[in-house]
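J.: Quick one: the structure is below, questions incoming.
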Amino acid sequence: MESDSNPSPVLYDIIILGASGFTGKYVVREALKFHNSPSSPLKSFAVAGRNHSKLTQALKWAAAEPNSPPPSIPILTADTADPASLRMLCSRTRLILNCVGPFRLHGDPVVSACVEAGCDYLDICGEPEFMERMEYSYHDQAVENGSLVVSACGFDSVPAELGWMFNSKQWVYPAVPNQIEAYLSLESDKNIVANFGTYESAVLGVANVDKLMELRRSRPRRSKPKIPGPYPRKGTTIEYQKEFGLWVLKLPSADTAVVSRTLATLTKHPQGLPGVKESDKQTEKRKKFWSTTKPAYFGLKLGSNCLWGLFQFITLGVSIGYLGRSSIGRWLLLNFPSFFSVGWFSKKGPSEDEVESASFKMWFVGRGYSDLSRRMSTEDGDKKQEPDAEIITRVMGPDPGYSTTPIILLQCALIVLAQRNNLPKGGVLTPGIVFGPTNLRERLEHNGISFDVISRRVVCKFGRCPF
């Protein structure tokens, strides 16, 4: 193993920061699968964090050899409270994978160091306030310095981003979507348990919701796409979706905020953002991809196949929503996570068996028009005519936090390493804008995350018919 004091620093393809954390060690395990394999661009990587001993243990765990020496992966010491150590990391890698959360507490110095050095950056953040603040603070400098900064490269929010794009592409002209609504179901034959860090981020998110609203008010309004048809009806907070056998609850989500940013960027740049040195062939591929990706109103609801699960959602939402706004309430939430989340979150996190047994399904219900030209020809059609067609697609994968997230983050990293010329020069951008036109979906399908078309229907005189 290499120490930080090496007089001739090695340049690594990636450095995983926060590798000893609960999610970080799963990211390391995923990285080891692709390290030095013949077809992989990942030829070298290092792990970084505050505690050398914990990083050593994380490497042993990730290699599944607890009684053997850790794999010969360099260990570097760095702390998000020490800017010099972060600058050192950025000088020694092409790409930082940041797993240190909550990001609103620890993420800004890492992004700042990457942008200053022109180093690329990916993280697994699901915190809208942090992501939008980074965009506000660093986007212009990141473009100038050639630093690609992409948050939400995990379960938040790649399945949602690629999921709505996949559904959108099933609408072949003259059919067009009006709304794509996602329904998320978490499944397991054991207890569904998540790590404390995710819970802490949610609590702090509620505590800082006023700052997010203030940030949005201080900025120019984002561009909004032109979407055929009326704005969808609000619907009820709780509903039963017979199609999927789910009780669903509408809750605020990072996915909705991220998709909204992607749509805003596409409104300004309908052909996407050009790669820094993309070929003519890649330019045509990018333009074709975005020309067949149609905008639609997007929303997400959390679902459960039983009322007990719905009760857990409601209890968690109400607890964080009310108690998260006061310091005493946050103290209670953060010290008794299992109680206030009805067993969903704990400081020790899920067991390996619980991770292995967990999975997710994300249903995307697209509603729109089977024939845009006929709809537009009706009097006042844009305002009054209701959608007459429906396309349902689905994204499925393993445990969201500790299997799906590392898979997505590593595949995004491999794309950055292998296809950097085809990606934007720099900027603080969403995963959809950066990775949408790449082969990320195909890569995920090869690694256990599936994308499927479930049904296509149109309202006709006989009820609902295939189309």
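J.: Has region 225-243 got at least one residue that is farther than 30 Å from residue 322 by Cα, small (Gly, Ala, Ser), buried (at least 18 other Cβ atoms within 10 Å of the Cβ) and at pLDDT 95 or above?
T.: Within region 225-243 (the criterion being farther than 30 Å from residue 322 by Cα, small (Gly, Ala, Ser), buried (at least 18 other Cβ atoms within 10 Å of the Cβ) and at pLDDT 95 or above), the answer is no, since none of the residues qualifies.
J.: Still on this structure, I have one more. Restricting to region 203-232, what's the tally of residues that are farther than 20 Å from residue 318 by Cβ, of a type in the set (S, T, N, Q) and within 23 Å of the chain's Cα centre (by Cα)?
T.: The qualifying residues number 1.
J.: Return the pairs, sorted by first residue and then second, in which the second residue is basic (Lys, Arg), the first residue lies in region 331-358 and is more than 20 Å from residue 320 (Cβ to Cβ), the beta carbons are less than 6 Å apart, and the residues are 6+ apart or on different chains.
T.: As it stands, the answer is 354/190; 357/190, since those pairs meet every condition given.
J.: Condition first: in a loop (DSSP other than H, G, I, E, B) and either of a type in the set (A, V, I, L, M) or at pLDDT 95 or above (or both). Now tell me which residues in region 156-172 satisfy that.
T.: First, pick out the residues of region 156-172 that are in a loop (DSSP other than H, G, I, E, B): 156, 170-172.
170, 171, 172 - these are the residues of region 156-172 that are in a loop (DSSP other than H, G, I, E, B) and either of a type in the set (A, V, I, L, M) or at pLDDT 95 or above (or both).
J.: Also: Take the residues of region 441-458 that are among the β-branched types (Val, Ile, Thr) and not in a loop (DSSP other than H, G, I, E, B): which is nearest to residue 160 (Cα to Cα)? So that I can check it myself, show each step before the final result.
T.: Looking only at region 441-458, we keep the residues that are among the β-branched types (Val, Ile, Thr), and these are 449, 453-454, 458.
Cutting the leftovers down to not in a loop (DSSP other than H, G, I, E, B) gives us 453-454, 458.
Numbers: 453: 15, 454: 17, 458: 24 Å.
Looking at residues that are among the β-branched types (Val, Ile, Thr) and not in a loop (DSSP other than H, G, I, E, B), I get 453.
J.: Just for region 280-309: of the residues that are among the small types (Gly, Ala, Ser) and in contact (Cβ under 8 Å) with a residue 60 or more places away in the chain, which one is nearest to residue 223 (Cα to Cα)? Break it down stepwise before answering.
T.: Let us first name the residues in region 280-309 that are among the small types (Gly, Ala, Ser), namely 291, 296, 299, 303-304, 309.
From what is left, the residues that are in contact (Cβ under 8 Å) with a residue 60 or more places away in the chain are 296, 299, 303-304, 309.
Working: 296: 14, 299: 18, 303: 31, 304: 34, 309: 37 Å.
Going through the qualifying residues, I end up with 296.
J.: Quick one: which residue in 85, 37 is at pLDDT below 95 and surrounded by fewer than 23 Cβ atoms within 10 Å (Cβ to Cβ)?
T.: 37
J.: A follow-up question, please. Residue check: is residue 294 under 23 Å from residue 394 (Cβ atoms) and at pLDDT 90 or above? Can you show your working first?
T.: On the way: under 23 Å from residue 394 (Cβ atoms): yes; at pLDDT 90 or above: yes.
Yes: the conditions hold for residue 294.
J.: In the set 249, 266, which member is among the aliphatic types (A, V, I, L, M), assigned to a helix (DSSP H, G or I), buried (at least 18 other Cβ atoms within 10 Å of the Cβ) and touching a residue at least 12 places away in the same chain (Cβ under 8 Å)?
T.: Details: 249 fails: assigned to a helix (DSSP H, G or I).
Going through 249, 266 in turn, the sole match is 266.
J.: Residues in region 18-29: is at least one in contact with a Leu (Cβ under 8 Å, 6 or more places away or on another chain), in the same structural domain as residue 76 (by TED's automatic domain parsing), among the polar types (S, T, N, Q) and free of Cβ contacts under 8 Å to residues at least 24 places away in the same chain?
T.: No, every residue in region 18-29 fails to be in contact with a Leu (Cβ under 8 Å, 6 or more places away or on another chain), in the same structural domain as residue 76 (by TED's automatic domain parsing), among the polar types (S, T, N, Q) and free of Cβ contacts under 8 Å to residues at least 24 places away in the same chain.
J.: Output the residues belonging to region 395-435 that are farther than 24 Å from residue 36 by Cβ, out of contact with any Ser or Thr (no Cβ under 7 Å at 6 or more places or on another chain) and of a type in the set (Gly, Ala, Ser).
T.: Within region 395-435, just 427 meets the criteria.
J.: Kindly provide the set of residues from region 233-265 that are charged (D, E, K, R) and closer than 29 Å to residue 151 by Cβ, ordered by number.
T.: Passing the criteria: 234, 250, 255, 261.
J.: Within the bounds of region 386-401, is there any residue that is part of a loop (DSSP other than H, G, I, E, B) and within 26 Å of residue 194 (Cβ to Cβ)?
T.: Going residue by residue through region 386-401, those that are part of a loop (DSSP other than H, G, I, E, B) are 386-388, 399.
If we keep only those that are within 26 Å of residue 194 (Cβ to Cβ) as well, we get 399.
Yes: one or more hits.
J.: Residue 18 versus (1) of a type outside the set (Ser, Thr, Tyr); (2) at positive phi; (3) at pLDDT below 95: which is the lone unmet condition?
T.: Among (1) of a type outside the set (Ser, Thr, Tyr); (2) at positive phi; (3) at pLDDT below 95, the lone unmet condition for residue 18 is (3).
The values are calculated or read from the model by the stated rules, or taken from the named source; none is laboratory data. If you're wondering where the values come from, they're calculated on a predicted model, not measured in any experiment. When we count neighbours, we look across all protein chains shown, and the Cβ atoms used for this are built from the backbone with ideal geometry, even at glycine.
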